[in-house]
Amino acid sequence: MQSPVLSLVITIFNIYIMIVLLRFLLQLFRADFYNPLSQFIVKATNPILAPMRRLIPGIAGLDISSIILAYLVCLLKFLALYALTGQGFSIAPLFLVAVADLLSQSVDLIFWLILARVILSWVSPGLGNPMVMVIYQVSEPIMAPVRKIIPPIGGLDLSPIILILGLQFLLKAINFYLLGPILTMM
């Protein structure tokens, strides 16, 4: 059982990791950066990313500095957790745990985006709300390839269900095959 302090620390780090990953996805999928949600994400990440971008350029349109920042925040999360619990740790597995955690956080973010899109399609079917528009702009490039393989049947789009099942499988695989063995090394 986790202490409330550890839960709070994990939650704060995970929220910031998700914000940084959203920044990466916004740029990757060329979402509207003038949207209020996008502006919040930019303002929350710019103080750290702006100096990093001077040192770490993008490659082929990919914002590498965002990925590195997300990785560093994952690393800091585990360092903070070990400092708070007073446990010893090995440094090499710590770098691997941060990579596995970043992968897990990325899959989790995409899962929540797809789920939010599904719920919003029931509640607010139009794209009138700016937040809904950003969620659609970020999730559509992920859903479109699945929709090409499994087209809507009788007006029912099954791509979110297929994606959610696939993402849950991928999340379990990351936790079982990557995080589990690495954590036992520590």
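What follows is calculated from the coordinates using simple rules that are stated; it is not laboratory data. Here the structure is a predicted model, which means the values were calculated and not measured. Glycine also receives a Cβ, built like all others from the backbone with ideal geometry; neighbour counts cover every protein chain displayed.
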Assertion target for 138, 20, ordered by fewest C-beta neighbours within 10 angstrom first, is 138, 20
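Sorted by average packing, counted as other Cβ atoms within 10 angstrom per residue and highest first, what order do 149-157, 28-36 take? Spell out each step's value before the answer.
On the way: 149-157: 8.9, 28-36: 14.0.
Final packing ranking: 28-36, 149-157.
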Once each part is reduced to its C-alpha centroid, what is the distance from region 53-73 to region 89-120 in angstrom? 17 Å
Gain in length, residue 82 to residue 112, computed as 0.36 nm per residue apart minus the alpha-carbon separation, to one decimal in nm? 8.0 nm
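For 148, 77, what's the fewest-to-most ordering of other Cβ within 10 Å of each Cβ? Each step should come with its number before you reach the end.
Details: 148 9, 77 21.
With the sparsest Cβ surroundings first, the list reads 148, 77.
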So for R0 = 41 Å, FRET eff. of residue 6-residue 157 from the Cβ-Cβ r, to 0.05, ends up at 0.55
Just the ratio, please: alpha-carbon radius of gyration of region 62-133 over 2.2 N^0.38 Å, N its number of residues. 1.55
Per-residue Cβ contact counts at 10 Å, fewest first, order 7, 66 as 7, 66
Would you list, by chain and number, the aspartates and glutamates whose Cα falls below 15 Å from the Cα of residue 43, excluding same-chain residues fewer than 8 positions away? 32
When the charge dipole of the chain is computed with +1 at the Cβ of Lys and Arg and -1 at the Cβ of Asp and Glu, the Cα pointing farthest to the positive end, of 79, 115, 180, is that of 79
The chain: relative contact order from alpha carbon pairs under 8 Å, six or more residues apart, as a whole percent, is 26 percent
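How would region 85-182 be classified by its alpha-carbon gyration tensor: rounded, prolate or oblate, with rounded meaning a/c under 1.5 and the a/b versus b/c comparison settling the rest?
Prolate.
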Dipole in debye (nearest 20) - region 4-185, about Cα centre, beta carbon charges: Lys, Arg +1; Asp, Glu -1: 200 debye
Computed lengthening from residue 60 to residue 95, 0.36 nm per intervening residue step minus Cα-Cα distance: 10.0 nm
Once you wrap a convex hull around the alpha carbon atoms of region 4-185, what is its projected area averaged over all directions, in nm²? 12.5 nm²
